[in-house]
Amino acid sequence: MVARYHYDEELEDLHLKVLKLGGMVEEAIEKSIRSLIEHDVTLAEEVINNDDVIDDFTVEIDDKCVRIIATQQPLARDLRIIVAGLKLATDLERIADHAVDISNTVKRIANEQYIKPLIDIPRMAEMVKEMVKESLDAYVTADSARALEITNMDDGIDNIYKQMFRELLTYMMEDPKNIPQATQFLFVGRYLERIADHATNICEWVIYIDKGIHEDLNK
């Protein structure tokens, strides 16, 4: 009985660590986009410098998952929870990498006046942040139905990116001097798209925990 209690504590600690990592990653997204909107290089540097902390914490989660599997030999749902914890940590760490990518973009164009007001990127960012938050909420409750609903948000994000691509292409055609900065904005849009894809991956693992099946929803 004592052994099972300790085991349950280990699973709960894993759960809390994944959520803590999720909170760190959500903050990285928020700060990277705010640094872009506000031309705030200091904030961009903060995101970049904090990435090592996120990487180290991801390794800590990975080590914990491996240790639980090695010492407890979990089966069925417990094993799915641990495997999903490993996978979620990887996706969250990659989301943080894209926040760093956005922050590096901020540094590259820090001294430039923007060729247009930022409208589509903040819209995409809000949807992406919501998608990440909702996917983590679904993880908390292992709600596979909710996780499946969340993946539908990806289409809206893709549509905004396509709209942004067309508009920036027009700016490039009107004046070749706009090409370097417009290209940087397209990179940011692409990074946000990739974050949405990783949020979809998180939803896939929520469904895996609940249903025991892993389905590719990034199609």
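The values are calculated or read from the model by the stated rules, or taken from the named source; none is laboratory data. Note that the coordinates shown come from a computational prediction; the quantities given were computed from them, not determined experimentally. With ideal geometry, Cβ positions are generated from the backbone for all residues, glycine too; neighbour counts draw on all protein chains shown. Note: accessible area is taken over every heavy atom of the protein model, side chains too, but ligands, DNA and RNA are not part of it. Shrake-Rupley method; radii C 1.70, N 1.55, O 1.52, S 1.80 Å.
Quick check on this structure: which one of Ile54, Ile33 is touching a residue at least 40 places away in the same chain (Cβ under 8 Å) and over 23 Å from Met124 (Cα atoms)?
Details: Ile33 fails: over 23 Å from Met124 (Cα atoms).
Only one candidate passes the filter, namely Ile54.
Yes/no matrix, rows are residues, columns are (1) modelled with pLDDT of 95 or more; (2) open to solvent by 10 Å² or more (accessible area, probe 1.4 Å):
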position	(1), (2)
Val53	yes, yes
Phe57	yes, yes
Ile68	no, no
Gln73	no, yes
Ala76	no, yes
Ile81	no, yes
Ile95	yes, no
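Okay, residues lined up against (1) under 18 Å from the mean Cα position of the chain (by Cα); (2) more than 14 Å from Asp91 (Cβ to Cβ); (3) of a type in the set (D, E, K, R):
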| site | (1), (2), (3) |
| --- | --- |
| Val140 | yes, yes, no |
| Tyr171 | no, yes, no |
| Ala199 | yes, no, no |
| Ile202 | yes, no, no |
| His214 | no, no, no |
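Among the residues of the range 152-169, is there at least one that is among the acidic types (Asp, Glu), modelled with pLDDT of 95 or more, under 16 Å from the mean Cα position of the chain (by Cα) and open to solvent by less than 70 Å² (accessible area, probe 1.4 Å)? Don't jump to the end; show me each part of the working.
Looking only at the range 152-169, we keep the residues that are among the acidic types (Asp, Glu), and these are 154-155, 158, 167.
Remaining after also requiring modelled with pLDDT of 95 or more: 167.
Applying the additional criterion that residues be under 16 Å from the mean Cα position of the chain (by Cα) yields none.
Within the range 152-169, not a single residue is among the acidic types (Asp, Glu), modelled with pLDDT of 95 or more, under 16 Å from the mean Cα position of the chain (by Cα) and open to solvent by less than 70 Å² (accessible area, probe 1.4 Å).
Any idea which of (1) in contact (Cβ under 8 Å) with a residue 24 or more places away in the chain; (2) closer than 25 Å to Gln181 by Cβ; (3) of a type in the set (Asp, Glu) is the one Glu38 doesn't satisfy?
(1)
Cβ-Cβ below 8 Å, separation at least six or inter-chain, first residue in the range 146-163 and without any contact (Cβ under 8 Å) to a residue 40 or more places away in the chain, second surrounded by 18 or more Cβ atoms within 10 Å (Cβ to Cβ) and outside any helix (DSSP H, G or I): which pairs?
Nothing qualifies.
Only one of Asp101, Asp91, Asp78 is touching a Phe, Trp or Tyr at 6+ places or on another chain (Cβ under 7 Å) and of a type outside the set (A, V, I, L, M). Can you tell me which?
Details: Asp91 fails: touching a Phe, Trp or Tyr at 6+ places or on another chain (Cβ under 7 Å); Asp78 fails: touching a Phe, Trp or Tyr at 6+ places or on another chain (Cβ under 7 Å).
One residue alone meets the criteria, Asp101.
Return only the number of the condition from (1) crowded, with 16+ Cβ neighbours inside 10 Å; (2) closer than 17 Å to Ile102 by Cα; (3) of a type in the set (Phe, Trp, Tyr) that Phe187 does not satisfy.
(1)
Tally up the residues in the range 190-208 that are under 21 Å from Ile102 (Cα atoms) and out of contact with any Ser or Thr (no Cβ under 7 Å at 6 or more places or on another chain), please.
10
Select, from Ile207, Ile179, Ile213, the only residue that is in contact (Cβ under 8 Å) with a residue 12 or more places away in the chain and on the phi < 0 side of the Ramachandran plot.
Values: Ile179 fails: in contact (Cβ under 8 Å) with a residue 12 or more places away in the chain; Ile213 fails: in contact (Cβ under 8 Å) with a residue 12 or more places away in the chain.
Criteria check complete, one pass: Ile207.
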